[in-house]
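Just below is one structure, and these are the notes that go with it.
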Amino acid sequence: MIGIGTYPAHPSALKNMVGLLASRMSPVPVSQDAPVDRPNTFITVDRVGGSETAHGLISTPLFVYQCYALTTGAAETLAETLLAELKSAQFTQYGDAQFINFSLSGSPQNFPDPAISSHRRWQMTGVFAIN
Amino acid sequence: MANQFKLNLLGFYLVRKAPKTIQVLDDIAKSIAAEANTRAGSVDGYRTSSQQGGSHPDGRWRTTVITATADSALDNSRNNTLIRSLDAGRQT
């Protein structure tokens with residue numbers, strides 16, 4: 001008989017994503033929320049939906065990545081560096097998550113943050129399959 | 001001799017502007033806009049538009065969800081409301 005009786009919970013996608021990027025982007029801080037004492041450059045990540053594969057074993061969350069820096073050029077460069085790290089992190093393990101393939105949904109673009117006028121914000125979105 | 005066929009490009013164009021095609025796309029856009037308005041607590045700050053692209057030769061039908069007011073634009077900048085509302089348009 002073919003069947004799956006119980007499904008294991010997906011690993012925490014956001015927690016593992018923040019940890020993964022913090023390790024790969026050091027010394028640039030990576031967190032879910034913007035730091036209260038804002039360094040010159042920092043990255044925020046949030047999980048904003050997504051789905052899972054039809055069989056339900058692989059989670060496909062959509063992430064939004066926001067790169068902050070003091071100038072537009074620096075923020076854009078930070079975003080491109082982050083994008084390269086995301087692609088390089090495919091098929092790697094971090095924490096209790098297996099990061100599978102990354103698919104860019106929205107490439108880096110200028111997206112000013114009215115709450116943080118001292119910094120420029122560049123944003124991109126992508127799906128990272130995880131199980 | 002190999003069979004030959006010729007694509008009916010006008011036929012593709014007409015399918016892309018068929019009422020059922022437009023209805024599906026409009027429903028997706030309206031679902032996303034409704035979710036965005038709910039999240040933002042607005043009535044129609046997020047609105048949709050629907051039109052066919054140029055026939056070069058594709059003429060794809062295109063629906064969009066936009067921030068139609070200054071308040072909704074500010075809301076989207078602060079909260080990423082449009083991106084967070086995308087799942088509302090997901091087809092199961």
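None of the figures in this text is laboratory data; all of them are computed from the coordinates on show. No experiment lies behind these values; they were computed from the predicted model shown. Using ideal geometry, Cβ is built from the backbone for each residue, glycine included, and neighbour counts are taken over all protein chains shown.
When Rg and the Kirkwood radius Rh are both evaluated on Cα atoms of segment A:74-124, their ratio Rg/Rh stands at 1.08.
Computed over the protein assembly as shown, the quotient of the alpha carbon radius of gyration and 2.2 N^0.38 Å is 1.21.
For chain A, the longest principal axis of the Cα atoms and the long axis of helix A:72-88 meet at an angle of about 20 degrees. Modelled this way, with points 7 Å down the Cα-to-C-beta line, the labels at A:Tyr7 and A:Ser88 are 3.4 nm from one another.
Spread over its residues, the convex hull of the C-alpha atoms of segment B:1-57 is 106 Å³ per residue. In this simple spin-label approximation, B:Ser50 and A:Glu52 carry label points 7 Å from Cα along the Cα→Cβ vector, and these lie 3.3 nm apart. Counting only Cα atoms, the size of segment A:8-131 along its three principal axes is 45, 24, 24 Å, in decreasing order. Taking the Cα centre of chain B as origin and assigning +1 to Lys and Arg Cβ atoms and -1 to Asp and Glu Cβ atoms, the resulting dipole is close to 340 debye.
To the nearest ten degrees, helix A:13-25 and the longest principal axis of the Cα atoms of chain A are 50 degrees apart.
Given +1 at the Cβ of Lys and Arg, -1 at the Cβ of Asp and Glu and no other charges, the dipole of segment A:42-111 around its Cα centre is 60 debye to the nearest 20. When the alpha carbon coordinates of segment B:50-92 are projected onto the principal axes, the ranges are 39, 30, 12 Å, largest first.
With helices as the sole contributors, chain B gives -14500 deg cm²/dmol at 222 nm; each DSSP H run of n ≥ 4 counts as -39500 (n - 2.57), and the sum is divided by every residue.
Other residues within the sphere of radius under 15 Å centred on the Cβ of A:Gly73, judged by their own Cβ, net out at 0 (K and R +1, D and E -1). Each principal axis of the Cα cloud of segment A:1-69 was evaluated for its coordinate range; sorted largest first, these ranges are 58, 20, 17 Å. Taking the Cβ of A:Pro112 as the centre, find all other residues whose Cβ is under 10 Å away and add up their charges (Lys, Arg: +1; Asp, Glu: -1). Taking every Cβ under 10 Å from that of A:Pro112, the sum is +1.
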